[in-house]
1. For segment 82-98, what are the residues that are open to solvent by 10 Å² or more (accessible area, probe 1.4 Å) and over 17 Å from residue 264 (Cβ atoms)?
2. Would you confirm whether any residue within segment 155-178 is open to solvent by 20 Å² or more (accessible area, probe 1.4 Å), modelled with pLDDT of 85 or more and among the hydroxyl-bearing types (Ser, Thr, Tyr)?
3. Could you list all residues from segment 51-60 that are at pLDDT 80 or above and under 18 Å from residue 319 (Cα atoms)?
4. Condition first: open to solvent by less than 10 Å² (accessible area, probe 1.4 Å) and touching a Leu at 6+ places or on another chain (Cβ under 8 Å). Can you find one or more residues in segment 259-268 that meet it?
5. When you check residue 38 against the structure, is it in contact with a Ser or Thr (Cβ under 9 Å, 6 or more places away or on another chain), among the small types (Gly, Ala, Ser), modelled with pLDDT under 80 and open to solvent by 30 Å² or more (accessible area, probe 1.4 Å), yes or no?
6. Regarding residue 348, is this residue aromatic (Phe, Trp, Tyr), part of a helix (DSSP H, G or I) and either crowded, with 20+ Cβ neighbours inside 10 Å or modelled with pLDDT under 90 (or both)?
7. Looking only at segment 113-126, filter to residues that are part of a helix (DSSP H, G or I) and either open to solvent by less than 70 Å² (accessible area, probe 1.4 Å) or in contact with a Phe, Trp or Tyr (Cβ under 8 Å, 6 or more places away or on another chain) (or both); which one of those is nearest to residue 391 (Cα to Cα)?
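The values are calculated or read from the model by the stated rules, or taken from the named source; none is laboratory data. On a predicted model such as this, the values are computed, not experimentally measured, just so you know. Because the Cβ atoms are built from the backbone with ideal geometry, glycine has one as well, and the counts that use them run over all protein chains shown. Accessible surface areas use protein heavy atoms only, side chains included; no ligands, DNA or RNA. Shrake-Rupley method; radii C 1.70, N 1.55, O 1.52, S 1.80 Å.
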Amino acid sequence: MNAVLDLVGIALVVVATLLIGVYGLRISRTTGDFFVASRTVRPVWNASAISGEYLSAGTFLGLSGLVLLDGARGFWFPIGYAAGYLLVLVFVAAPLRRSGAYTIPDFLEARLESTTARRVTSIAVLVIGWLYIVPQLHGAGITLLVVAGLPEWVGAVLVAVLVAAAVAAGGMRAITYVQAFQYWLKLTALLVPVVCIAFALSGGPHDFDPALVFPAEAGPSGFDAYETASLLLALLLGTMGLPHVLVRFYTSPTGVSARRTTVIVIGMVSAFYAVSSTMGLLARVAAPDLAVPGVADTVVLLLPSRVFPGIAGELLTALIVAGAFAAFLATSAGLVVSLAGVVSQDVFSGSVRSFRLSAVLCALVPLAVALLTAPAGLGSSVGIVFVIAASTLSPVILLGVWWRGLTARGAVAGMLSGGLAAGLALVVHAAIGGVGVAAPYLAQPAAWTIPLAAAVTVVVSVLDPRGPSPRTAKFLARVHSPERLSPVESDRK
């Protein structure tokens, strides 16, 4: 590992991010540019940007570490992450775009005509977003610690400052270009080393005992049925509750474009997950000694030098380090953009100036949390965010799009009950150390917290004497009415 090459890789990513951001800044002038890129982002660009922000530190570093640690159990994460977009495609992508909203709180306020529901939604969005940013900052700290021996706080501060500056300067339009570039950089940064390592391991004598590298307890026979089903449910529905994912559909020109974007995203993220999972499998062969909690997250950074001692391994590591920083920057930027829009709309005036101020504030809060906490497993940290998002926002968004009977009181009760139940379960699990009969239900609570949130929402809505908003029928008619296709789109059909 060569610290100079690694730092050069990081510097190149930073410079490229700033240059692309400056280009986006030149064409970011209006409020619509900053909040939703004036709703003009085409499917391929939008899909690249969504994939860029979705593939976080938990995927770039943590997924390979999970496969190294847990074998086949680690594959549930990429399966759930990618399949979650199928639900987004079928149920919410086009309706959210047709709603004309800027943010998730905008959507629910328009659907329910309730400022209380908007405020609760805004709080949920901020909590989910900040919890998701913290692992990105921890990942940046781990990366600089491993490759250059720098204190962990240096990486966290570097990413937070860059993201705050880029978002404040150019808003959604500038960040779209940055994230699209970073997706292709991340894919290349893992694909090239994976191909090289795979050829190296297959071209020489590498004796290993399959029973040790792929033990039975790390395969399907070792799965706990409840924990696996609950995890998959959280990952499937959690995608639908991630604010930085949903806000990007507001940037599409039409609902049809939003659906096309989602289809392309499924292909893009699936390709990346296949590469990242392969890295974990290769590590089980070449570096089984790294299968230690807290160390496994570094396997992507350490494996190339083990397989290729010398300059070849150092160059591959530098490429991976550059891709890792692209992951931290892209996901953090997407989250800060979405959160800044919420804070600007709900706390300030909703102007470009307030958006910029909100971007700085939304980057500083998770930075403070990251500096005060120790990094846990990156993959599991992101999994916790999916549980909370699936238990809080996903049921309300689904019911808001598809059920006429939803009321503001029902939505608020559902979000509070689901979010508090999921948070309490995870806190109790951490406090008792995963011991006891209830441990699986606390470690993976989505299987009961999501139905709880949905049931509370429905029951309170049905019993609400005020009933749904009088404009519900008109609102639902708008979000479910397909747009007229342009002549070009008709030809494509």
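1. Scanning segment 82-98 gives 91, 98.
2. Scanning segment 155-178, I find no residue that is open to solvent by 20 Å² or more (accessible area, probe 1.4 Å), modelled with pLDDT of 85 or more and among the hydroxyl-bearing types (Ser, Thr, Tyr), so the answer is no.
3. 52, 55, 60
4. Yes, segment 259-268 contains a residue that is open to solvent by less than 10 Å² (accessible area, probe 1.4 Å) and touching a Leu at 6+ places or on another chain (Cβ under 8 Å).
5. When the stated conditions are applied, residue 38 passes them.
6. Values: aromatic (Phe, Trp, Tyr): yes; part of a helix (DSSP H, G or I): no; either crowded, with 20+ Cβ neighbours inside 10 Å or modelled with pLDDT under 90 (or both): yes.
The answer is no for residue 348.
7. It comes out as 124.
The rows are residues; the columns are (1) open to solvent by less than 20 Å² (accessible area, probe 1.4 Å); (2) more than 24 Å from residue 112 (Cβ to Cβ); (3) of a type outside the set (Ser, Thr, Tyr).
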| position | (1), (2), (3) |
| --- | --- |
| 334 | yes, yes, yes |
| 356 | no, yes, yes |
| 371 | no, yes, yes |
| 385 | yes, yes, yes |
| 402 | no, no, yes |
| 415 | yes, no, yes |
